[in-house]
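Working notes, structure below.
Coordinate-derived values only; no laboratory data. These numbers come from a predicted model, not from an experiment. Glycine also receives a Cβ, built like all others from the backbone with ideal geometry; neighbour counts cover every protein chain displayed.
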Amino acid sequence: MGELGLRGRRRKTLLLALVALAGLLPPVAFLVISWFQTVQDANNRLQRYASTAVDRADEIFGTAEFTLAGMAQSLEIHCNNTTYQALRRTAFESIYFQEATLISNGAVICSSRTGKAVQPITYRENTVVPDHGLHISPPVTLARENNIVSIIIHYRATANAMFGLHLNPVLLGEPMRKYATEDQVTLILQRSDGATLSQFGLNADLPQTRIGGDRVILKSKRYPIQAVAIGSPTWLLHNWRRNALIFGSLGLLTSALLFVLLLFVARRQFSAAASVQDALADGQFQVYYQPMIDTVNGACIGAESLLRWHHPQLGVLLPDTFIAAAEESGFIVDLTKWLMRRIVTDMAALLKENPQLHISLNLSPQHFEHPRLLADIKAVFGPHIAPGQITFEVTEHQLIMNEDNKALEVLKNIRAMGTRIAIDDFGSGYSSLKYLSRFPFDYLKIDKAFIDAIGTESVTAGLVDTIVRMANQLKLKTVAEGVETPAQLAYLRELKVDYVQGWLFSKALPADQFHAFFAANKSYMLGAASSRS
Ligand code: C2E
Ligand code: CA
Ligand code: CA
């Protein structure tokens, strides 16, 4: 019994844990999801910015290359008037290029600004200009031009001459300025070797932000340059908070729904199945025995065991209120085993003394799903009660529900042990005679509804003889249930129904009262029963 109580408590704990989990899990899951969503968003955004920056740079360097190639092809390597005018036009017509130059043997020999004045070029690095394509130098400050900062783009014309264009780095990065201020993004345009060409933003100095996925590098396909976009942790957190608000409310909603659902389930479990278990552990169940009478001599030849729950607050509860819960939770299998033990305690001695007496008990559909039934019968009844004195009652409904023939198998095995089988509530279902003839029944119990109809005008009344004829054909003994009036009894006797059970004789009785009833009615005569009512 203690074991049963413990199992009940464990189930309660498990259910409570589930309820708590249902409350916690969705919000946490949604927070995590929203974090990854935010990082993903941030990454997409950085990709977009970097790509805009690269496109813009490609366009400007493309223009520069086209212009420089044109000059290299058409101009002489002399600072004559044609060359000078061409350089001036190039610088004048473009908003990007501050100056155009012609360089020969390491010195500027012609400039759009200064004309012929020869100046040595001062580069921070060793400029190796490729035979084809551009060389881009990082911004230099040219002292001679009021400290103007320029990116210098070179293009080779001959073995020792090249044309140059000075590009304003601010204009190169112009579209990036907007993102940098509005979205707190740092954008850096670099040469492939990492030398900075242009940059905007707050974190430009940070080598790397600590938050993962928050940095994107995109290389140009046309020039040896790349854009680096770095997001700000502040922006990321801000956006996460916004996402978390949306996802979080979804999570809360889900958990609220789950919570209510589980609570509902849990309460049902607590109030029904679990309390049945607790009640059994607490000794609140009792077995009552309803006498069964032989119609020929009126003797009590058996009893149906029926469960009663003595609820401390609600009084005696009938099986309708708790059997379903015990069946749903599968606890009915334990309950039946307990019932069998009680039957042994209450009846073993009486049955031994009276071999004509038998006890029946009701099975539920769950017994056919549990292979335990046979073992339980052997273990509990085996040493104490002769199998022939036990009858199991099964309803047609149960058999129809159990389509895969497990029931048939189980019933055959039970019967092979010598135990009897009764079909209970016969006529209340839809089963055909042909279907039922496959099962190894000994008794057929006619449903109370048919007995109630006896003596009335209802169509059902006439069905009792049909049922009895069918039972006779199948060689089944008949039992009429719920017999309440002498008129019903008389009619059933006429039809030669074998046994009767009902309030006309006795309600279900506690064990000691049944013992007394049996002692008085071992050979009770029918006439007396009729006159008694
Ligand atoms: P059942 O197997 O058809 O049991 C017969 C029911 O009819 C019993 O109700 C009994 O008290 C009632 N009854 C007997 N004679 C009369 C009568 O003359 N008039 C009226 N009005 N009723 C009568 P009970 O004990 O309330 O049981 C109801 C059902 O609960 C049973 O129907 C059975 O299906 C189920 N049940 C009871 N005990 C057990 C059990 O130990 N295991 C299982 N699996 N089911 C059980
Ligand atoms: Ca029954
Ligand atoms: Ca019945």
Need the C-alpha centroid separation for the range 290-360 versus the range 433-487, integer Å. 22
Qualifying aspartates and glutamates (Cα of each under 13 Å from Cα of Lys507; at least 8 residues distant if same chain): Glu304, Glu481, Glu484
Scoring the chain by relative contact order with C-alpha pairs under 8 Å, at least six apart, yields a percentage of 13
For the chain, Cys with no neighbouring Cys Cβ under 4.7 Å: Cys300
Please list, by residue number, everything in the range 12-26 whose backbone N is under 18 Å from a paramagnetic label point 7 Å out along Cα→Cβ of Ala256. 20-26
Between Leu21 and Thr181, take the C-beta separation as r, use R0 = 30 Å, and let me know the FRET efficiency to the nearest 0.05. 0.05
Could you work out the helix-only [θ] at 222 nm for the chain, with each DSSP H run of four or more residues adding -39,500 (n - 2.57) and the total divided by the number of residues, to the nearest 500 deg cm²/dmol? -15500 deg cm²/dmol
Once you have a ≥ b ≥ c as the square roots of the Cα gyration tensor eigenvalues for the range 328-457, tell me rounded if a/c is under 1.5, and otherwise prolate or oblate according to whether a/b is larger than b/c. oblate
Around Gly298, which amide H atoms from residues at least 5 apart in sequence, or from another chain, sit under 5 Å from its own amide H, with H modelled in the peptide plane? Leu526
Tell me the net charge near Glu59. Cut-off is 15 Å between Cβ atoms, Glu59 excluded, with +1 for each Lys or Arg and -1 for each Asp or Glu. -1
In nm, give the distance between the simple-model label positions of Lys412 and Trp35, each being 7 Å from the Cα along the Cα-to-Cβ direction. 6.1
The ³J(HN,Hα) series, computed from each phi in the range 473-481 with the Karplus coefficients 6.51, -1.76 and 1.60 at θ = phi - 60°, rounded to the nearest Hz and given as x for glycine or proline, is 4, 7, 6, 9, 6, 10, 10, 9, 9
Using a Förster distance of 30 Å, the FRET efficiency for His397-Thr456 (Cβ separation, nearest 0.05): 0.75
Under Karplus coefficients 6.51, -1.76 and 1.60, residue-wise ³J(HN,Hα) of the range 488-493 in Hz, glycine/proline x: 4, 4, 4, 4, 5, 5
Total charge of the residues flanking Ser428 in space, meaning their Cβ is under 11 Å from its Cβ, with Lys and Arg +1 and Asp and Glu -1, is -3
Using the Karplus equation 6.51 cos²θ - 1.76 cosθ + 1.60 (θ = phi - 60°), what ³J(HN,Hα) coupling, rounded to whole Hz, does each residue of the range 497-514 give in order, writing x for Gly and Pro? 5, 6, 10, 10, 8, x, 5, 4, 9, 5, 6, 5, 10, x, 3, 5, 5, 5
Projected onto the charge dipole of the chain (unit charges on the beta-carbon of Lys, Arg, Asp and Glu, signs +1, +1, -1, -1), the Cα from Phe200, Gln184, Met292 with the largest positive-side position is that of Phe200
For the chain, the charge dipole (Cβ of Lys, Arg +1; Cβ of Asp, Glu -1; about the Cα centre) points to a positive end, and the Cα of Leu134, Ala86, Gly115 closest to that extreme belongs to Gly115
Shape call, the range 444-514: gyration tensor on alpha carbons, a/c limit 1.5: oblate
Restricting to Cα pairs below 8 Å that are 6+ residues apart, what does the relative contact order work out to for the range 272-532? Please round to a whole percent. 23
Please label the shape of the range 272-532 as rounded, prolate or oblate, based on the square roots a ≥ b ≥ c of the eigenvalues of the alpha-carbon gyration tensor (a/c under 1.5 means rounded; beyond that, a/b larger than b/c means prolate, else oblate). rounded
